[in-house]
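The values are calculated or read from the model by the stated rules, or taken from the named source; none is laboratory data. Computed from a predicted structure; not experimentally measured. Here Cβ is always computed from backbone atoms with ideal geometry, including for glycine, and neighbour counts include all displayed protein chains. Remember, those area values only see protein heavy atoms, side chains included, never the ligands or the DNA or RNA. Shrake-Rupley method; radii C 1.70, N 1.55, O 1.52, S 1.80 Å.
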Amino acid sequence: MHEELIDAFKVVGKALKLENLVPIAGLLGECLVAEKLKEYGEVFRETKNYDFRVEKNGEPVYVQVKTKCVGKSWQLNAGKFLDIEDNGIRKIQIIKGIRDEHMWKKNSFFIFVDLNIKDLDFKTLTSKFYIIPSKDLLEIIYKTYPSKRINGELVKERPKGRWDSKHCLISVEDIKEYEDKWKLIQKALTSETL
């Protein structure tokens, strides 16, 4: 089925401009992840905070999928991960800490899908998966989002006119150690400590 989904994406992709592939790429990424997750348990579609819930023997695992088809990074909203105070006067954001919300529950994961389209002829469409526990992703964002310290505070300076943006990039380099770490999902479903 994996190859059939990729082939369908290629057919649709050839009919569209590259920038119009992003929503379709997201759907393809979710389908590819759901297919793989079926190997580990029963997969349910979620609607709040996660794309999927996977269960095996009553033990749930929650999964959020992020897909990219071009470029070197995925885009996230740092405001969903960090407690950020906007300071419009100084045009900076002060990072107060990590948001303590339900999204960081035990056994929650982000799966980043890299479809890696090299050309519009789709001769070289490959998919890579990076499976990262949410708590680990949170630490990466906390380390990489702030740009410097001012008076002991972690701050993010933003370009003029965009100081309220919480745009955050996660690069392949940031998460490369999590490539194909499906065993993390398997361990979580068998109640092993991560």
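Please enumerate the residues belonging to segment 28-50 that are open to solvent by less than 50 Å² (accessible area, probe 1.4 Å) and part of a helix (DSSP H, G or I). Matches in segment 28-50: Leu28, Gly29, Glu30, Leu32, Val33, Ala34, Leu37. Among the numbered conditions (1) open to solvent by less than 90 Å² (accessible area, probe 1.4 Å); (2) modelled with pLDDT of 90 or more, the only one that Leu194 does not meet is (2).
For segment 51-107, the candidate set comprises residues that are of a type in the set (Phe, Trp, Tyr) and at pLDDT 90 or above; within that set, the residue that is most open to solvent (accessible area, probe 1.4 Å) is Tyr62.
Taken as a whole, the condition of being in contact with a Pro (Cβ under 7 Å, 6 or more places away or on another chain), at pLDDT 85 or above and closer than 12 Å to Val65 by Cβ does not apply to Phe129.
Residues in segment 167-176 that are under 13 Å from Ile111 (Cα atoms) and out of contact with any Ser or Thr (no Cβ under 8 Å at 6 or more places or on another chain): Ile175, Lys176.
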